[in-house]
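K.L.:
First the structure, which I've put down as structure tokens, then a few questions once you've had a look.
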Amino acid sequence: MAISTAQLPGELTNRPGRVGLKRVLGPDYRMAYLFITPIVLLVLSLVAYPFTYAIYLSMTHKLVGLPPVFVGFENYIRLTWDGFFQRAVVNSFIFTFGSVGFKLVLGVVMALVLTANIRWRSFWTGVLLIPWVAPTVVSALNFLWIFDGSLGVLNYVLVRVLGVLPQGLGWLSEPGLAMASVVAVNIWRGFPFFGISFLAGMKAIPAELYEAAEVDGASVVQRFRHITLPGIRNIMIIVVLLSTIWTFNDFQIIYILTKGGPGGTTMVMPVFTYETAFGAQRLGEAIAVALYLLPALAVTIMVLARYMRKGRKA
Amino acid sequence: MDRRIRQLAEQVDAHHISRREFVRRTALITGSTAVGLGVLSSMAHAQGPKMRVWLFKSYVTGGNDILAKQVEGWAAERKVQVEFDWATFGDREQKFVAAIEAGNPPDIAEMNYQGPLRYRPALRDVTKLAKDLAAPRGGLLPFAERVAQLNGQYSGIPRLVFGGGLHIRKDILAEKGLKMPKLYDPDVLDVARKCQDTSKDLWGFGQTLNRCDDGNAFMQNILWDYGGATWDKDGKPALGTTYLKENMAALQFAVDSIQKHKVQPPGVMSWTDVSNNEAYMAGKLVCTNNGASLYYAMGARKHPLYEKTQVLLTPGGPAGTFVASNPYCWGLFKASKNAELAEDLVRWVEDEKRFEEYMTACAGQAGTVYKTRAEHPYWKSDPNYEGMLQNILRGVWNGYPGPLTPASIEVQAQYILCDMAGRVVVGGLSVEAALKEAHKRVEEIHRIRSRA
Amino acid sequence: MLVTLALVVLFPFYWMTITSFKSEEQMRSVVSMFWPKPIVTENYHQLLSKTDFAAWYGNSVFVAVSSTLVATSVGTIGAYALARLRFLGRGFMASATLITYLVPPSILFIPLYAQMRNLGLANSLAGLIAAYPSFTVPFVTWLLMGYFESIPEELEEAAMIDGATRFGAFYRIVLPLSAPGVLAAGLYAFTQAWNEFLYALVFITDGRLRTLPVGLASFITGDVYGWGYLMAGAVLTTLPVIAAYIYLQKYMVEGLTAGGVKG
């Protein structure tokens, strides 16, 4: 397509100096930099700068109402040997991997259910997405009420209606049970995200593959294992990594349901950060808590970012 | 498709000024956003001649309302604008930290016993005001005095101390022919076992060890009841050393009351300050320790259990009966520009007539901090109030038998004792190990707070 | 299976709604668990007259709408630049945007709070509006990048051949065509801002300035037996999100699947 420069309107005409700049900065640089400026400013001021400040603060002792005192790595060292911190880390891992594992399975189930032959598919899709859309705080408060030891409906159903238990359980006050309960709430809230992503992925798998497999005599299970799963493999990786990051840093659910109790058995790192900052009032140490697993987080983010960008280019 | 593009192209042709227009519009949006934010910011911080007052939202709503009304009365009288905010059991400390760190604390705030020493760096010296108020009122009672000052310098003005006690179903006890309990072990346990009926979801005793004000107070008291303590006479950490044996016995009892004796309802370890109130009012508990708010709540709602409840002295242990006192104080902040007004406000609401109005609306929660107020006839008007008053007068200060220090306050503020109990009940630690672990944390706090 | 899932998903909301219509006595006495008897509206009255709920609602609306406007305007143009325009630093900016989105609030909340304080925006809604773009904008940008990429470049090229500027092509062709995507992105931004908890908890101390999530959570320790009006508040807080969601569900799902995760 030969286009003579005479036909192009003003902006696209090449002037001598501008050709040089265009070569270096790209042909659309003026409009691009204009469009990009807000985001750049944002990233710098709301993420890059606070992040750097956070690293500095984590190396100080900061008590309320007093200025920070630089202490190097003292906070990190102290935390490493602190039993409460160690338990928070362990709990974070348990909470995250427990939740993500089940969300993965439930998400696949949801996607399969929605790709089957059902009426009013978009209606059901909408219904199943509701936990993801509703405010987390509402869901958490809801479950706090449902799990209530003396007046909650869960105990009521189990004891009075179904009679499977002699008396109510302390869903949020028994050690193992509390963790199971918060994991359950996280799963309830999060599985639709998995489901809808897998649904999108499954829709992108060409129908011919399934038809061909069926012709070749493959069973439902085989079709699932060899066509569906590989087909959504990329999405699965992205979604799992995303959810891992989100779940690991989830604050609301545990803060509202147990505040990390009972006895610290559901204490996870984000809540521990908050507690150290505003409960124990040691702000420097609190940030050290938050940044402690930064390397692991950074690696996860890098890997995830690469997959997401790869997915985009597909 | 072609036609549409052609149409679009024709439109674009006619708008060669689109770039300039865009730039103009962007600038407009950005500019107005900036202006808007600026306006918002100044709106948010319109610091006129206004008093910011933080009150504590206790469960005794009648008292809260009266205090608010009195402050408003003062404001009208002095022609000052007042802006209220309320702190609750759940967010009280966080509010203070956030506000102090942000450099904009209120002018005056109602704080609990932890406040004056915890936030000392940010609080104004109110020694003169404290002495002025105490003189005509017979002086401050010892536990209140200790909480508000360090080395004679007052950073808080005590206002009241929470009354409370063991709320017990006297009807059930009468039915079973039992006497009122005096000691936890064996009396309370005995009453609990004999009166409870788990098939009807009625439990003998309700006492959480969770991180809340109720659990915190109980843990402090029980250590003393068994002859133990967190600190020794010189104010050094003693949790896992000097008083190890006694503390072990105390902690063992606390833990046993949940695990071994089976007299507490399920879920008790996740209770917040409000849970035992709710459980008792739902008829699920035979007895529970609580502040006057429980008695008040039943009275206010004309609850059927109101008549059936007696409020006793908090039970004790082998070494005696000790009750930690919880005086609430006024704190005036250094950053405030209205120091004189704030002091004036304190004088106004502490006036005896107004305090009387407040006190009678509080059903025993507004316990006295001054000697003269203890003789007020109000405390004789209901046998239950008598019990509450006795509880107050025996009040022991945080840090006993040592002095009250920022470190001892901090240990309570961080719920170290509750955590310790939690580690045994929930974490499976042995009593001794939990004590030693908590002792290390106490030492750490002692080190930090002695330095500051 | 579908029915089971649907029940599990919907029951809590049913429960929340009927609780909001139960009287305190009924809740205490555990009578007629699954239906209010009698149906009372006192919880809603108490919520609106005796608490700061109405103020919180206004605060949330203000913050969420402002955040949405900021996020969609910044995100739309940013996404277009990253998706279409050729310039130095494009790949880097795209990655940076993505990484910004992935940095969790639980790391940033303390330093961001300190920053807002230094700017004099602590304890103000402006502080929230200033901080929320840190997660709304990257998400909107990422979403719209996908959307813009799905629009064939030929349309813009054709327009430019016919005399349009690069910007004109964006403004007259791409933008109208991606309206559903922008709408979906805006809705997401609104939802994220409306539901946000941690920053709102930490930045705002004044009771009246709170947003809904923090305000609702404060009911737990605020009073005895607050469940009734707490649930009433929860119902009212969820309604706008659900309503908007029902209305625009098609667009949301489309937007998420088209622009979000691709594989």
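None of the figures in this text is laboratory data; all of them are computed from the coordinates on show. Remember, it's a predicted structure, so these values are computed and weren't measured experimentally. Using ideal geometry, Cβ is built from the backbone for each residue, glycine included, and neighbour counts are taken over all protein chains shown.
K.L.:
Under a GNM of chain A (C-alpha, springs under 10 Å), which listed residue has the highest mean-square fluctuation: A:Pro38, A:Pro295, A:Pro262?
P.N.:
Residue with maximal mean-square fluctuation among A:Pro38, A:Pro295, A:Pro262: A:Pro38.
K.L.:
Filter the trypsin sites (Lys or Arg not before Pro) in segment B:55-138 down to the DSSP loop ones having no more than 14 other Cβ atoms within 10 Å, then list what survives.
P.N.:
When the trypsin sites (Lys or Arg not before Pro) of segment B:55-138 are filtered for loop state and at most 14 Cβ neighbours within 10 Å, B:Lys79 remain.
K.L.:
For segment A:167-311, just say rounded, prolate or oblate: build the C-alpha gyration tensor, square-root its eigenvalues into a ≥ b ≥ c, call rounded for a/c under 1.5, and beyond that prolate if a/b exceeds b/c, oblate if not.
P.N.:
oblate
K.L.:
Considering every residue in B:270-283, what mean count of other chain Cβ atoms within 10 Å of its Cβ is obtained?
P.N.:
If you average over the peptide's residues, the count of other-chain Cβ atoms is 5.
K.L.:
Treating each Cα of chain B as an identical point scatterer and ignoring solvent, apply the Debye formula and state log10 I(q)/I(0) at q = 0.10, 0.14 Å⁻¹.
P.N.:
Taken in order of the listed q values, log10 I(q)/I(0) reads -0.74, -1.35.
K.L.:
Is the C-alpha gyration tensor of chain C telling us rounded, prolate or oblate? Criteria: a/c under 1.5 is rounded; beyond that, a/b larger than b/c is prolate, otherwise oblate.
P.N.:
In terms of gyration-tensor shape, prolate.
K.L.:
If you average over every viewing direction, what projected area does the convex hull of the Cα atoms of segment C:111-177 give, in nm²?
P.N.:
Projected area, direction-averaged: 6.2 nm².
K.L.:
Hey, what's the Cα Rg ratio for chain A versus the globular rule of thumb, 2.2 N^0.38 Å?
P.N.:
Compactness ratio reported: 1.33.
K.L.:
Continuing with this model, one more query. Can you tell me the 0 to 90 degree angle between the C-alpha axis of helix C:212-222 and the longest principal axis of chain C, rounded to 10?
P.N.:
Between helix and principal axis, roughly 20 degrees.
K.L.:
Where in chain B are the DSSP H helices whose C-alpha atoms run 24 Å or more along the long axis and whose mean Kyte hydropathy is at least -0.5?
P.N.:
Qualifying helices, which must be both long enough and hydrophobic enough, are B:18-44.
K.L.:
For the pairs B:Lys194/B:Lys308; A:Lys62/B:Lys50; B:Lys69/B:Lys353; B:Lys50/C:Lys50; B:Lys69/C:Lys50, note any where the Cα-Cα span goes beyond 20 Å.
P.N.:
Check vs 20 Å cut-off fails for A:Lys62/B:Lys50; B:Lys50/C:Lys50.
K.L.:
Sort C:Tyr14, B:Tyr295 by Cβ crowding within 10 Å, fewest neighbours at the top.
P.N.:
With the fewest neighbours first, C:Tyr14, B:Tyr295 line up as C:Tyr14, B:Tyr295.
K.L.:
Then there is this: Taking only Cα atoms, what is the 0 to 90° angle, nearest 10, from helix C:179-195's long axis to the longest principal axis of chain C?
P.N.:
In chain C, helix C:179-195 runs at an angle near 40 degrees to the longest axis.
K.L.:
Another question about this same structure. Rounded to the nearest 5, what % of DSSP beta bridges with both residues in chain B are antiparallel?
P.N.:
Around 65 percent antiparallel, to the nearest 5.
K.L.:
Here's another thing I want to ask about it. Which lysines have a Cα less than 27 Å from the Cα of A:Lys203, not counting those fewer than 8 places away in the same chain?
P.N.:
The qualifying lysines are A:Lys103, A:Lys310, A:Lys313, C:Lys250, C:Lys262.
K.L.:
Calculate the spin-label point distance for A:Glu211 paired with B:Lys308, positioning each point 7 Å from the Cα along the beta-carbon direction, and give it in nanometres.
P.N.:
Roughly 7.4 nm, to one decimal.
K.L.:
Within segment B:188-248, which trypsin sites (Lys or Arg not before Pro) sit in a loop by DSSP and count at most 15 neighbouring Cβ atoms inside 10 Å?
P.N.:
Sparse-neighbourhood loop trypsin sites (Lys or Arg not before Pro): B:Lys233.
K.L.:
Once both labels are modelled 7 Å past Cα along the beta-carbon direction, what's the B:Ser381-B:Phe84 spacing in nm?
P.N.:
2.2 nm
K.L.:
With a cut-off of at most 15 other beta carbons within 10 Å, and DSSP calling the residue loop, which trypsin sites (Lys or Arg not before Pro) in segment A:91-173 qualify? Please list them.
P.N.:
Sites meeting the loop and neighbour criteria: A:Arg119.
K.L.:
If you average the sequence gap of Cα pairs under 8 Å that are 6 or more apart and divide by the length of chain C, what percent do you get for the contact order?
P.N.:
Rounded, it is 32 percent for chain C.
K.L.:
Mind running the shape call on segment B:95-233? Use the C-alpha gyration tensor, a ≥ b ≥ c as the square roots of the eigenvalues: rounded below 1.5 for a/c, prolate if a/b tops b/c, oblate otherwise.
P.N.:
Cα axes put segment B:95-233 in the prolate bin.
K.L.:
Still on this structure, please answer the following. Please state the equivalent ellipsoid semi-axes for the protein assembly as shown: what are the square roots of 5 times the Cα gyration tensor eigenvalues, largest first, in whole Å?
P.N.:
Equivalent ellipsoid semi-axes, largest first: 55, 34, 26 Å.
K.L.:
Have a look at C:Thr100, C:Leu112, C:Met160 and report the one farthest towards the positive end of the charge dipole of segment C:93-170, computed about the Cα centre with Cβ charges (Lys/Arg +1, Asp/Glu -1).
P.N.:
C:Leu112
K.L.:
To continue, here is another question. Just to be sure I understand: with springs between alpha-carbon atoms less than 10 Å apart, which residue in C:Leu85, C:Leu187, C:Leu112 has the highest mean-square fluctuation in the Gaussian network model of chain C?
P.N.:
In this elastic network of chain C, the residue with the biggest mean-square fluctuation among C:Leu85, C:Leu187, C:Leu112 is C:Leu85.
K.L.:
Something else now. Compute the Rg to Rh ratio over segment A:16-70 from the alpha carbon atoms, using the Kirkwood formula for Rh, and round to two decimal places.
P.N.:
Computed over Cα atoms, the ratio is 1.37.
K.L.:
Once the Cβ-Cβ distance between B:Asp232 and B:Lys194 is put in as r, and R0 is 45 Å, what FRET efficiency do you end up with, to the nearest 0.05?
P.N.:
In this case the efficiency is close to 0.70.
K.L.:
Calculate for chain A the 222 nm mean residue ellipticity that helices alone would give, adding -39,500 (n - 2.57) per DSSP H run of length 4 or more and normalising by residue count, nearest 500 deg cm²/dmol.
P.N.:
Per the formula, -20000 deg cm²/dmol.
K.L.:
Per residue of segment B:310-327, in order, report the coupling 6.51 cos²θ - 1.76 cosθ + 1.60 (Karplus, θ = phi - 60°) as ³J(HN,Hα) in whole Hz, putting x for Gly and Pro.
P.N.:
Couplings: 10, 10, 9, 4, 4, x, x, x, x, 9, x, 10, 10, 10, 6, 9, 10, x Hz.
K.L.:
In Å³ and rounded to a whole number, note down the convex hull volume per residue for the Cα atoms of segment B:332-420.
P.N.:
Hull volume over Cα atoms, normalised by residue count, gives 162 Å³.
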